[in-house]
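Report on the following structure.
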Amino acid sequence: MKQLDVRGAAHIDDVRIRPYGITDGPRVRRMSERLSAASLYTRFFSGTPRIPDHYVGLLDRLDHWDRDALVGLDGDEIAGIAEYIRAPARPWRADVAVLVTDPWQHQGLGSTLVGYLAQLAARRGITEFDADVILTNRQGLQFVHRGWPSARATPDGGAAHFTLPLPISSPAGT
């Protein structure tokens with residue numbers, strides 16, 4: 001996949017979007033320095049003090065078909081990452097997850113990453129994303145409702161589960 005130019009999309013300048021690469025592990029680990037405890041909790045659903053090593057290991061084993069990720073780079077550092085994991089029993093569906101460093105939150109980076117990831121997934125036969133959002137993650141819930149205005153949540157403990165049809169109507173214009 002070629003590098004995507006997102007200058008002018010939302011409020012994002014000088015951010016490059018590209019596929020996650022095998023040399024990105026150290027960049028992902030350094031993201032922890034720019035993530036609050038709340039950001040880590042809403043992404044990993046636990047009180048981890050940093051991005052878990054097992055997560056970085058899973059990213060390093062992407063196959064770029066059933067499991068893929070895009071990163072947003074600010075210079076040489078990852079400002080955000082969005083990934084999908086295809087459901088083996090339902091190959092038209094995939095779980096989606098997003099992580100954006102605190103300085104880049106509210107700038108449209110997460111929306112842009114998910115918009116491009118949805119395009120990529122759709123080309124690979126995925127027609128729906130599944131997303132789990134902790135109920136205290138107001139930003140995440142607002143993001144889902146902006147991109148999928150008709151989305152309805154199914155309660156799942158302290159989280160809301162969404163099934164989101166592709167393509168999305170992206171506020172970032174993707």
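All of the numbers you see were taken from the coordinates with simple rules; none came from a lab. Remember, it's a predicted structure, so these values are computed and weren't measured experimentally. Using ideal geometry, Cβ is built from the backbone for each residue, glycine included, and neighbour counts are taken over all protein chains shown.
Listing for the model above:
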read-out	value
Loop-located trypsin sites (Lys or Arg not before Pro) in segment 89-159, at most 12 other Cβ atoms within 10 Å (DSSP)	Arg152
Listed values (i) 0.95; (ii) 1.34; (iii) 1.04, entry calculated as Cα Rg over 2.2 N^0.38 Å	(i)
Amide H contacts under 5 Å for Leu135, placed H, 5+ residues apart	Ala159, Ala160
DSSP bridge pairs, segment 4-165: antiparallel proportion in percent, nearest 5	90
Extension gain from Val56 to Thr163, taking 0.36 nm per residue of separation minus the Cα-Cα distance	36.0 nm
Neighbour-count ranking [beta-carbon atoms within 10 angstrom, fewest first] of Val15, Val98	Val98, Val15
Net dipole in debye of segment 4-165 [+1 Lys, Arg Cβ; -1 Asp, Glu Cβ; about Cα centre; nearest 20]	280
Amide H partners (placed H, <5 Å) of Glu77, local residues excluded	none
Between segment 80-110 and segment 132-172, the Cα center-to-center distance that results, in Å	12
Cleavage-rule hits (trypsin sites (Lys or Arg not before Pro)) in segment 9-64: DSSP loop, at most 16 neighbouring Cβ within 10 angstrom	Arg50, Arg61
Sites His106 and Glu128, calculated FRET efficiency, Cβ-Cβ separation with R0 25 Å, nearest 0.05	0.40
Choice from Asp24, Asp102, Asp14 with maximal GNM fluctuation in the chain (Cα, 10 Å cutoff)	Asp14
Segment 55-98: relative contact order in percent, alpha carbon pairs under 8 Å with at least 6 residues between	27
